[in-house]
């Protein structure tokens, strides 16, 4: 008899993925640097599996100087070349350029007197939405809130922030709780 708790099936059995599911995914996140990291990583995921990005997360943290937005915003051609040669990250020119551009957009946001946290969380009125999906196929790829978030982020100069990427960000940062109702984490982190 298995003593493993019931989990969302998307995390499978890979220990890294299971640990991410059990301790991070869906936990409400307000820390500015951590949200910026997720924004960059979710954009890097486009066209790939989250596990691929998760396995490179430490490589990203190292290559992007701990997701220090001020430092990333100042990256020049030598930094781009360094990043595109780094096997620890997804070496895609458009994604690297977007990460640098997103750091610059974040600095403009700060200069305007607001934060990424405020910008993201306003799309759920500051309160995590607790969904009650019983099956993985019932979980949407995007929602009206993620569409609105995408429009706002694009208007602010962010890239790789389509509505599907925004919804994945909302899920990972705990703006929505999409743990399935049969999952032991459902509702555990909301609030």
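What follows is calculated from the coordinates using simple rules that are stated; it is not laboratory data. Predicted model only: the values in this text are computed from it and were never measured. Every residue, glycine as well, gets a Cβ built from its backbone with ideal geometry; the counts of neighbours run over all protein chains shown.
Size of the range 92-133 along its principal axes in angstrom, Cα-based, largest extent first?
38, 30, 8
For helix 32-45, report the angle its Cα long axis makes with the longest principal axis of the Cα atoms of the chain; keep it between 0 and 90° and round to the nearest 10°.
Once rounded, one gets 90 degrees.
Comparing 132, 78, 103, which has the greatest mean-square fluctuation in the GNM of the chain with Cα pairs linked when under 10 Å apart?
78
Calculated FRET efficiency, residue 107 and residue 57, Cβ-Cβ r, R0 25 Å, to nearest 0.05?
On the way: r = 23 Å, r/R0 = 0.92.
Once rounded, the FRET efficiency stands at 0.65.
Report the extension gain between residue 23 and residue 152 in nm, rounded to one decimal, defined as 0.36 nm multiplied by the number of residues separating them, less their alpha carbon distance.
Values: separation 129, 0.36 × 129 = 46.44 nm, distance 2.91 nm.
Working it through step by step, the gained length comes to 43.5 nm.
Suppose we keep just the alpha-carbon trace of the range 1-159; what are its Rg and Dmax in angstrom?
16.9, 57
What is the range 103-191's relative contact order, in percent, from Cα pairs under 8 angstrom and six or more apart in sequence?
Numbers: 95 pairs, mean separation 29.9, N = 89.
Relative contact order, the range 103-191: 34 percent.
Mean-square fluctuation check for the chain, GNM, Cα pairs under 10 Å: which of 163, 15, 140 is largest?
Of 163, 15, 140, the Gaussian network model singles out 15 as fluctuating most.
Just to be sure I understand: with springs between alpha-carbon atoms less than 10 Å apart, which residue in 101, 157, 113 has the highest mean-square fluctuation in the Gaussian network model of the chain?
Of the options given, 113 has the highest mean-square fluctuation.
For residue 70 and residue 48, what does the FRET efficiency come to when R0 = 25 Å and r is the distance between their Cβ atoms, rounded to the nearest 0.05? Walk me through the numbers before you get to the answer.
On the way: r = 28 Å, r/R0 = 1.11.
Once rounded, the FRET efficiency stands at 0.35.
For the range 1-64, what's the radius of gyration and Dmax over Cα atoms, in angstrom?
For the range 1-64, the Cα radius of gyration and maximum Cα-Cα distance read 13.2, 44 Å.
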